[in-house]
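This report concerns only the one structure given below.
Each value in this text was obtained by applying a stated rule to the coordinates, not by laboratory testing. Owing to the predicted nature of the structure, the values given are computational and were not obtained by experimental measurement. For neighbour counting, all protein chains shown are included, and Cβ atoms are generated from backbone atoms with ideal geometry for every residue, glycine included.
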Amino acid sequence: MSSLDSINAIEINAIEAIKQVKYRYFRSLDCNDWDLFTSCLTQDCTAAYSDGKLCFEGRDAIVNFMRDNMSGPDFLSMHHGHHPEISLLGDDEAKGVWYLEDTIISLTRKTRLYGAAIYEDSYRREGGQWLIASTGYRRTFEIMEPLNPDAKVLSNMFATGE
């Protein structure tokens, strides 16, 4: 598409559906909803996180890595995707660029990692649903720092009995 004037209602709906799947991806990751996270990815999805240092082939490999490394009561995360630039490549294919802002807190290590990155994704429509077919990001910056020793976690949706 070269201009907004040439985008029709079907294309607008496709772009909105693609935005929704990416938002769902972030939310399900932060909420440790692994079934929902799985539903955002094609079976053959690929991922290249941390400037390509962490690469995965296939939905199961991606989900297993996330479940094993980004969940539990001592691991808290926030992922925000901003400023989506979605380009439709055909009826069932698209690509997107997102600006990521994230914070990762490890209560066990007593650290906070935060930063920003540029995500580049491809999307495919399967069975009428838009899904992420490939995803990955390059960091613009990343900072790791110790948590303030006086910091207290006032709310943690994963903690039980507190």
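For the stretch 37-91, which residues satisfy the criterion of being in contact with a strand residue (DSSP E or B) (Cβ under 6 Å, 6 or more places away or on another chain), closer than 17 Å to S106 by Cα and loosely packed, with under 14 Cβ neighbours inside 10 Å?
Hit for the stretch 37-91 is M78, nothing else.
Just need a number here: residues in the stretch 4-29 that are under 12 Å from the mean Cα position of the chain (by Cα) and buried (at least 18 other Cβ atoms within 10 Å of the Cβ). Spell out the reasoning first.
Within the stretch 4-29, the subset under 12 Å from the mean Cα position of the chain (by Cα) is 19-29.
From the residues that got through so far, the ones that are buried (at least 18 other Cβ atoms within 10 Å of the Cβ) too are 21-22, 25-26, 28-29.
Matching residues across the stretch 4-29 total 6.
Pick out, from the stretch 3-92, the strands (runs of 3 or more DSSP E) lying fully within it that include 2 or more residues that are in contact (Cβ under 8 Å) with a residue 40 or more places away in the chain.
Result: 41-49, 75-88.
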